[in-house]
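Participant: Handing you a structure now.
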Amino acid sequence: RRSAKQTFVSANDFEPALIPSKTIPDPDKKPDDWDERAKIPDPDAVKPDDWDENAPIEIVDEKATKPEGWLVDEPEEIDDPEAASPDRTGMMRRMANGRHQRWTTNPKCKKAPGCGKWKKPMKDNPAYKGKWHAPLIDNPNYKGSWKPQEIPNLEYYIELDKPDFDPIAAI
């Protein structure tokens, strides 16, 4: 059984509070010299001489050779003789004269390692290092996260008796 005085709401559930807190955050701003960065770039670090920031991510694999059986003289796509209606499979291409023509993958290329002009593949560049950044070191000026000090609340008062409010029926 619940008593008539039982409550489901505490004084902390109200904003502003029913009874003001004893302390409040100091309204002062964070000092200009306050440094919250735990790590900073090393000011004494120097980019290595061999570091090329402009090196590409990938380079042409000069050791690659054309696979045996590559059909250089065969096009990758051919005119699709069965493409009479626009709902057929194949890729629509606009020709120079303005008419549309349907293309399909060359069936000879499906059996070969590839068709058309062969070019050397790309590979990861071992010289690629990306943009250089100085390593991070502990910040000698680090003061931690800034939090305003708590100061006495001038509006604080001590309530000797619990307030006797009327019950809250709805919010």
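The values are calculated or read from the model by the stated rules, or taken from the named source; none is laboratory data. Please read all numbers here as calculations on a predicted model, not as lab measurements. With ideal geometry, Cβ positions are generated from the backbone for all residues, glycine too; neighbour counts draw on all protein chains shown.
Participant: List the strands (runs of 3 or more DSSP E) that sit entirely inside segment 66-171 and contain at least 1 residues that are within 30 Å of PRO31 (Cα to Cα) and at pLDDT 80 or above.
Facilitator: Because the criterion is at least 1 residues that are within 30 Å of PRO31 (Cα to Cα) and at pLDDT 80 or above, the strands (runs of 3 or more DSSP E) in segment 66-171 that meet it are 136-138, 150-152.
Participant: A follow-up question, please. Name every residue in segment 20-30 that is part of a loop (DSSP other than H, G, I, E, B), touching a residue at least 12 places away in the same chain (Cβ under 8 Å) and not small (Gly, Ala, Ser), in order of residue number.
Facilitator: The answer is PRO20, LYS22, ASP26, PRO27, ASP28, LYS30.
Participant: Check whether at least one residue in segment 36-47 is farther than 30 Å from TRP146 by Cβ and at pLDDT 90 or above, and report yes or no.
Facilitator: Taking every residue of segment 36-47 in turn, at least one turns out to be farther than 30 Å from TRP146 by Cβ and at pLDDT 90 or above.
Participant: If the Cβ limit is 6 Å and pairs must be 6+ apart or interchain, which residue in segment 34-60 that is over 30 Å from LYS120 (Cα atoms) pairs with which residue that is in a loop (DSSP other than H, G, I, E, B) and of a type in the set (Lys, Arg)?
Facilitator: TRP34/LYS143; ASP35/LYS143
Participant: If the requirement is being among the small types (Gly, Ala, Ser), out of contact with any helix residue (DSSP H, G or I) (no Cβ under 8 Å at 6 or more places or on another chain) and farther than 30 Å from PRO56 by Cβ, which of these qualifies: ALA127, ALA134, ALA112?
Facilitator: ALA112
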